[in-house]
């Protein structure tokens, strides 16, 4: 298991207990299984691995996860006043995002160059895209009653893919063909969920 998966799993365990206030091992394991599917990583754990994670979380972050024998659930031991705990966890979230970003830079863009992406939006969505550009490299190619066509010079990351998918039928990817094929495959797999 990679260090990134371990660190992200720690963060997920902390967030689960922070939001739920308490959870059984099975609830935590189910949450990690769901996140494994969503993020395409393996966060699944055994009880032994979870216990090791609890020790590592205490050592690395100073967050103490305790087990309630009577209720048979896990919880985060309060260290500060509630408002200070919130600030601490917000800082931890920011730290996790920044560290993930640092790690991702080295392999997301290592061998890839930005690609020219051409998108065609329906006019109504196009007005929104003109007022809030998707990227600093956005250039308008066509702007009429039928479409707003733009080009971007961008790295095609998973975040960008999710952004494009969020526009649904309001956008069509014209270039590159590899990205069009990837989105077609994603939509096809999603459609199978409803057949």
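The values are calculated or read from the model by the stated rules, or taken from the named source; none is laboratory data. All figures in this text were calculated on a predicted structure; none of them were measured in a lab. Counting neighbours? That spans all protein chains shown, and the Cβs are built from the backbone with ideal geometry, glycine included.
Could you figure out which of (1) at pLDDT 90 or above; (2) surrounded by 12 or more Cβ atoms within 10 Å (Cβ to Cβ); (3) assigned by TED's automatic domain parsing to the domain that holds residue 15 isn't true of residue 85?
So the condition that residue 85 fails would be (1).
Provide a single number: the residues in segment 154-195 that are surrounded by 11 or more Cβ atoms within 10 Å (Cβ to Cβ) and closer than 20 Å to residue 127 by Cα.
Here the count works out to 10.
With 157, 137, 180, 186 as the choices, which residue is under 28 Å from residue 38 (Cα atoms) and in contact with a strand residue (DSSP E or B) (Cβ under 8 Å, 6 or more places away or on another chain)?
Working: 157 fails: in contact with a strand residue (DSSP E or B) (Cβ under 8 Å, 6 or more places away or on another chain); 137 fails: under 28 Å from residue 38 (Cα atoms); 186 fails: in contact with a strand residue (DSSP E or B) (Cβ under 8 Å, 6 or more places away or on another chain).
Exactly one residue qualifies, and that residue is 180.
How many residues, within segment 147-187, are farther than 17 Å from residue 136 by Cβ, modelled with pLDDT under 90 and not in a helix (DSSP H, G or I)?
Adding up the residues that qualify gives 1.
Looking at this structure, is residue 45 touching a residue at least 24 places away in the same chain (Cβ under 8 Å), assigned to a loop (DSSP other than H, G, I, E, B) and assigned by TED's automatic domain parsing to the domain that holds residue 73? Reasoning before the result, please.
Details: touching a residue at least 24 places away in the same chain (Cβ under 8 Å): yes; assigned to a loop (DSSP other than H, G, I, E, B): yes; assigned by TED's automatic domain parsing to the domain that holds residue 73: yes.
Yes.
Modelled with pLDDT under 90 and exposed (fewer than 14 other Cβ atoms within 10 Å of the Cβ): does that describe residue 48? Can you show your working first?
Working: modelled with pLDDT under 90: no; exposed (fewer than 14 other Cβ atoms within 10 Å of the Cβ): yes.
It is false that residue 48 is modelled with pLDDT under 90 and exposed (fewer than 14 other Cβ atoms within 10 Å of the Cβ).
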